[in-house]
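In what follows, a single structure is set out as structure tokens and then discussed.
No lab work stands behind these numbers, since they all come straight from the coordinates. These figures come from a predicted structure and were not determined experimentally. When we count neighbours, we look across all protein chains shown, and the Cβ atoms used for this are built from the backbone with ideal geometry, even at glycine.
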Amino acid sequence: MKRASLTLVPSAAAAIAAHAEATYPDECVGLLLGRLEGTRKLVVEAFPVENRWNGQVQLSPNDDPTSRRDRFYLDPRDYLRADRAAMARGLEIVGCYHSHPDAPATPSERDRVGAQAIGGSAFAFVIQAVRQGHAAEVTSWLLVDSGARFEAEVVAIADDLNESEPG
Ligand SMILES: [Zn+2]
């Protein structure tokens, strides 16, 4: 079986990094528009959305429910907006991204729970680490074993991608 991979065009990678730095120390969130070819995904554009975590859910007794520093909420209305934007460009939503301010780019248990209702089996969960306000490493994850765990996929930045290529 071919290993799943995600390739970002440089402008999309830069947009994710910029968004993550702009919302620091809160988490940013957005969708990834591109093309899906089997287990390979190409991200052509980042579609930033607002982190609409509304603070109505307290996850543990000492949890600050209004904090957006370690959680995000992807609103279905934003998902639809992104879907329309993707269709208009002949693209599809191939994943989503969010940032981890001052934390490693590995999914949290909270991420796993929140990811359950989102996307299909190839849907990428990209995490952009931010250290002291500066964008750091990027990882991408697939939800596997019926949502029981995340598995890392290969992430690449396209150096020279011919965007005029049909298809
Ligand atoms: Zn997370």
For the chain, the percent of all C-alpha pairs falling in each 10 Å bin, from 0 up to the bin holding the max distance, is 11, 41, 37, 10, 1, 0
In terms of modelled amide H atoms, which long-range or inter-chain residues lie less than 5 Å from the amide H of TYR73?
-> ARG52, TRP53
Longest segment of the chain lacking GluC sites (Glu not before Pro) that sit in a DSSP loop with at most 15 other Cβ atoms within 10 Å | 51-162
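Only bridges whose two residues both fall in segment 93-155 count here: according to DSSP, what percent of them are antiparallel, nearest 5?
Working: 11 of 18 bridges.
Rounded to the nearest five, the antiparallel share is 60 percent.
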Given the C-alpha centroids of segment 77-91 and segment 1-54, what is the distance between them in whole angstrom?
-> 14 Å
Taking H placed 1.01 Å from N in the peptide plane, check which residues at least 5 places from ALA103 or on another chain put their amide H under 5 Å from its amide H.
-> VAL130
Could you work out how far helix 76-88 tilts from the main Cα principal axis of the chain, as a 0 to 90 degree angle to the nearest 10?
-> 10 degrees
Just going by the charge dipole of segment 1-142, with Lys and Arg at +1 and Asp and Glu at -1 on Cβ, which of HIS100, ALA117, VAL29 is farthest out on the positive end?
-> ALA117
Return the Rg/Rh value of segment 84-167, two decimal places, where both radii are evaluated on C-alpha atoms and Rh is the Kirkwood radius.
-> 1.01
With Cα atoms, 0 to 90° folded angle of helix 10-23 axis to the chain main axis = 10 degrees
Once exposed loop trypsin sites (Lys or Arg not before Pro) are cut out (DSSP; at most 10 other Cβ, 10 Å), longest piece of the chain = 4-167
Where the only charges are on Cβ atoms (+1 Lys, Arg; -1 Asp, Glu), what is the dipole of segment 8-153 about its Cα centre, to the nearest 20 debye?
-> 320 debye
Treat every Asp and Glu Cβ in segment 64-128 as -1 and every Lys and Arg Cβ as +1, leave all other atoms uncharged, and give the resulting dipole magnitude about the Cα centre to the nearest 20 debye.
-> 180 debye
